[in-house]
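**Student:** Okay, here's the structure, questions in a sec.
The values are calculated or read from the model by the stated rules, or taken from the named source; none is laboratory data. Everything numeric here is computed off the predicted structure, so don't read it as measured data. Ideal geometry is used to build each Cβ from the backbone, glycine not excepted, and the neighbour counts take in all protein chains shown. The area values use the complete protein model at the heavy-atom level, side chains included, leaving out ligands, DNA and RNA. Shrake-Rupley method; radii C 1.70, N 1.55, O 1.52, S 1.80 Å.
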Amino acid sequence: MKKHIFAMAVVALAAGSAFAQANDTLAKIKSSGSITLGVRESSGLSYTLGNGKYVGFHTEMAERIISDLRKQLGLTALETKYQPVTSQNRIPLVTNGTVDLECGSTTNNATRQKDVAFAVTTYVEEVRIAVKANSGIQAIKDLNGKSVATTTGTTSVQTLRKNERAGGIDFKEVYGKDHADSFLLLETGRADAFVMDGSILAANISKSKNPADFKIVGEVLSVEPIACMLRKDDPAFKKAVDDSIKRQIADGSLAKLYDKWFLQPVPPTNTKIGLPLSDATKAAWANPNDKPMEDYAKK
């Protein structure tokens with residue numbers, strides 16, 4: 001009986017330790033000597049070149065955050081494990097401890113804040129519509145009777161339907177499993193439009209065989225703060241991540257990184273995405289905050 005009680009105590013202690021460590025990411029990183037970074041495969045802010053190589057504005061920014069974490073923890077080395085995530089699994093992989101920090105293209109909104117925490121906003125996104133240049137589609141009203149592609153697990157089509165200009169407009173939704181798949185639906189004519197974050201649309205157009213065949217049209221459907229995602233109730237880790245981002249803003253290195261990934265030729269095709277830094281993103285950098293999307297919608 002004593003053995004049984006002792007065994008139960010050991011299990012309880014281990015479970016308690018695991019729970020404590022889940023909410024003490026800095027301790028987990030220090031003890032393991034590694035951090036798992038959530039990355040995307042075809043986002044405008046984070047994407048893969050293949051063979052396990054991940055790049056992009058948010059990916060490189062995250063690597064700088066990790067370098068700052070290594071220094072803070074007094075480690076001579078800190079291994080970064082790259083974990084590709086999708087729109088569907090990114091939140092579960094953060095909450096269950098698989099991913100320590102996700103820096104892809106995740107919108108900070110009130111619903112998601114119930115499950116995860118967000119670092120300060122590093123990019124303010126505008127949801128737009130991409131179409132074929134010869135489609136004749138110029139605005140939301142032209143989508144009536146059309147097929148509209150978006151990516152499973154994202155909020156872009158709901159945003160479109162809520163837009164006041166979409167009243168009385170009937171369109172069919174088609175879903176891609178990831179952003180590249182959604183763009184392929186547009187490219188192959190299975191969809192007439194692709195509704196998504198402007199950076200993702202611009203990046204996929206720039207990587208296409210004939211970028212001039214596509215254009216971004218219509219009204220800005222919504223303004224969304226994009227931020228790195230981490231586990232809730234871990235203030236020490238959030239502060240460490242936020243402090244690194246604030247340093248990168250203050251010393252000008254984040255602006256240089258933006259220029260590198262949006263205004264210069266980028267791999268794999270060495271084409272320019274061509275998205276200048278927006279006033280909304282400049283404002284977020286000037287006053288770092290983790291306000292959700294709903295706060296941006298308030299007049």
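**Student:** Which residues, taken from segment 29-46, are charged (D, E, K, R) and either surrounded by 24 or more Cβ atoms within 10 Å (Cβ to Cβ) or touching a Lys or Arg at 6+ places or on another chain (Cβ under 6 Å) (or both)?
**Tutor:** Scanning segment 29-46 gives a single hit, Arg40.
For (1) touching a residue at least 40 places away in the same chain (Cβ under 8 Å); (2) open to solvent by 20 Å² or more (accessible area, probe 1.4 Å); (3) not β-branched (Val, Ile, Thr), each residue gets a yes or a no:
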| site | (1), (2), (3) |
| --- | --- |
| Glu224 | yes, no, yes |
| Pro235 | no, yes, yes |
| Ala240 | yes, no, yes |
| Ala250 | no, yes, yes |
| Pro267 | yes, yes, yes |
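**Student:** Condition first: open to solvent by 40 Å² or more (accessible area, probe 1.4 Å) and either farther than 20 Å from Gly44 by Cα or in the same structural domain as Leu201 (by the TED database) (or both). Now tell me which residues in segment 272-292 satisfy that.
**Tutor:** Ala283, Ala286, Asn287, Pro288, Asp290, Lys291
**Student:** On to the next question. Would you be able to tell me the number of residues in segment 113-125 that are open to solvent by 20 Å² or more (accessible area, probe 1.4 Å) and within 13 Å of the chain's Cα centre (by Cα)?
**Tutor:** Qualifying residue count, segment 113-125: 0.
**Student:** List the pairs whose first member sits in segment 161-187 and is within 10 Å of Ala149 (Cα to Cα), whose second member is among the aromatic types (Phe, Trp, Tyr) and open to solvent by 30 Å² or more (accessible area, probe 1.4 Å), and whose Cβ atoms are under 9 Å apart, counting only residues at least 6 apart or on separate chains?
**Tutor:** These pairs meet every condition: Asp181/Tyr175; Ser182/Tyr175; Leu185/Tyr175.
**Student:** State all residues of segment 128-170 that are closer than 23 Å to Asp213 by Cβ, at pLDDT below 90 and not aliphatic (A, V, I, L, M); if no residue qualifies, say none.
**Tutor:** Selection gives Ser156 alone.
**Student:** Right, Ile129: open to solvent by less than 10 Å² (accessible area, probe 1.4 Å), farther than 22 Å from Tyr54 by Cβ and assigned to a loop (DSSP other than H, G, I, E, B) or not?
**Tutor:** In short, no.
**Student:** Residues that are closer than 30 Å to Gln72 by Cα: which helices (runs of 4 or more DSSP H) entirely in segment 188-299 hold 2 or more of them?
**Tutor:** 235-250, 253-262, 279-286
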